[in-house]
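See below for the structure under consideration.
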Amino acid sequence: MAQTLKDRVREQLVAMYNNSLSGSPIQAKELEIIIRRIIDRFLSIPRSALGEEEKGRIIKDLVDEFNDLIPGLGPIEGLLNDPSITEIMINGPDKIYIERNGKKILSEIKFHDEDQLRCLMYKILAPTRRRVDETHPYVDVSLKDGSRVNIIIPPLALDGVNITIRKFLGVIKSVEDLIKLGALDRRMAEFLVACIKAKVNMLFSGATGAGKTTTLSVLSSYIDPSERIVTIEDTAELNLNQEHVVRLETRNPNIEGKGKVTIGDLFKNSLRMRPGRIILGEIRGAEALDMLQAMCSGHTGALAVLHASSPVEVIYRLETMILTSGLPISLDIIHRQISAAVQLIIQQDQLADGTRKITHITQVNGLQDGTVVLEDLFNYEISDVDNSGKVQGKFTATGVIPKFYPMFAQKGVHLSKEIFNKG
């Protein structure tokens, strides 16, 4: 009971006094009074009892833990403000790695000890509805600026608290920014924007950190502002500029193991919300079939993210997610659903030199002998890697005109067939 009380007091302390935590350090005596007041309030609940010795130990532990309260986000504040850093990886108090220009290096910054690192963890969690403890030892949250944070604690993390922060790159706002970064060329950009406007069903795939969510966010900014957009995410990350946006986020179970709300639950509910567009933060399980069926039933222009190493792997992953869901459905029917629902796959990869590029824009072109047919429309072809490790290559069109090309004219979107000319 003492450990549970300690965890509850810690959460309450951070939640109630978040303004104090973000300012100057609190004196130990003042902090002790605050903690004692919170404990007494919890112990006023009937059937709650705790000896003075145990209460004193909890107070001392929490005072020691929070006594050296760090302003802002402490040692990593400067890293968060450095625009050249895209990721911060905290492997315990002594090892903080950063990704700069696509390369991961060990920084010189360290925390004083594990307690200071835990204080940072609680400050990150304070504004959210999420928690981390022995029953839920890992969690995903977002910072106010949209940066994504994963936290995992011992005993699962053997070397101490581990925090991974993928920074939200606010400087990437349009396809022009993606072109300048070399993620795609102008023909590909014009085509993808036209696909968004024509309400083509699109899947964004790639490995972790490849930039697929960033690309989805940029392209979604070209959705007509008159449309009602529903976003569904495990952790709210998408920042859309349109006004008519409904943001839905999953919920973890409470301390009794109840109240969990999954991506699938939210997706099914979203279909009753008159969505003009559905944007799925990530497909992970049985909701894959729900999404395919929704696409087939008239909910066009859906956008979704999933982890896959190639467009072919996207099909395999969809198959696996649906088959392992326990639903009584054959592989043949799954292939029919995929070919009828998904129109375009955008594959993004991080190359050996750290750059992120859209390596395949691939259409789903029906079935052949019961198998989903994929055709590349655009590719990134690597020609060489120079002595400095820089990848050399170029974006090319395959010469294939997408089978859904008539949709552009139907939706009043002008797109010349010339952009598909081979080369």
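The values are calculated or read from the model by the stated rules, or taken from the named source; none is laboratory data. Remember, predicted model here, so these are calculated numbers, not experimental data. In this analysis, Cβ positions are derived from the backbone assuming ideal geometry, glycine residues included, and neighbour counts consider all displayed protein chains.
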Review point. So which residues in segment 265-289 are among the small types (G, A, S) and crowded, with 20+ Cβ neighbours inside 10 Å, if there are any at all?
Key: S270, G281, A288
Review point. Can you find even one residue in segment 203-212 that is among the hydroxyl-bearing types (S, T, Y), more than 24 Å from I401 (Cα to Cα) and not assigned by TED's automatic domain parsing to the domain that holds L292?
Key: no
Exercise for review: Being of a type in the set (K, R), out of contact with any helix residue (DSSP H, G or I) (no Cβ under 8 Å at 6 or more places or on another chain) and surrounded by 18 or more Cβ atoms within 10 Å (Cβ to Cβ) is the filter here, so list the residues in segment 85-134 that pass it.
Suggested key: R130
**Study point:** Test: K173 is among the charged types (D, E, K, R), part of a loop (DSSP other than H, G, I, E, B) and crowded, with 21+ Cβ neighbours inside 10 Å
**Key:** no
Practice item. Determine if segment 230-238 includes at least one residue that is part of a loop (DSSP other than H, G, I, E, B) and loosely packed, with under 15 Cβ neighbours inside 10 Å. Key: no
Check your understanding: How about segment 253-263: which of its residues are surrounded by 15 or more Cβ atoms within 10 Å (Cβ to Cβ) and in contact with a strand residue (DSSP E or B) (Cβ under 8 Å, 6 or more places away or on another chain)?
Key -> I263
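To keep it simple, each residue is scored yes or no on (1) charged (D, E, K, R); (2) assigned to a helix (DSSP H, G or I); (3) under 28 Å from V312 (Cβ atoms); (4) free of Cβ contacts under 8 Å to residues at least 24 places away in the same chain.
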position	(1), (2), (3), (4)
R130	yes, no, no, no
G146	no, no, no, no
L156	no, no, no, yes
I165	no, no, no, no
A189	no, yes, yes, yes
Practice item. Sort out which residues of segment 102-129 are at pLDDT below 80 and under 21 Å from the mean Cα position of the chain (by Cα), and write them in order of number. Key: G102, A126, P127, T128, R129
Practice item. Might you check whether a residue that is assigned by TED's automatic domain parsing to the domain that holds E287, surrounded by fewer than 17 Cβ atoms within 10 Å (Cβ to Cβ), in contact (Cβ under 8 Å) with a residue 12 or more places away in the chain and of a type in the set (G, A, S) occurs anywhere in segment 328-339? Key: no
Review point. Only one of V149, V139, V161 is in contact with a Ser or Thr (Cβ under 8 Å, 6 or more places away or on another chain) and either crowded, with 18+ Cβ neighbours inside 10 Å or among the charged types (D, E, K, R) (or both); which?
Key: V149
Check your understanding: If you check G354 against the conditions, is it buried (at least 21 other Cβ atoms within 10 Å of the Cβ) and either touching a residue at least 12 places away in the same chain (Cβ under 8 Å) or in contact with a helix residue (DSSP H, G or I) (Cβ under 6 Å, 6 or more places away or on another chain) (or both)?
Key -> no
Practice item. For segment 174-190, name all the residues that are farther than 12 Å from T215 by Cα and small (G, A, S). Key: G182
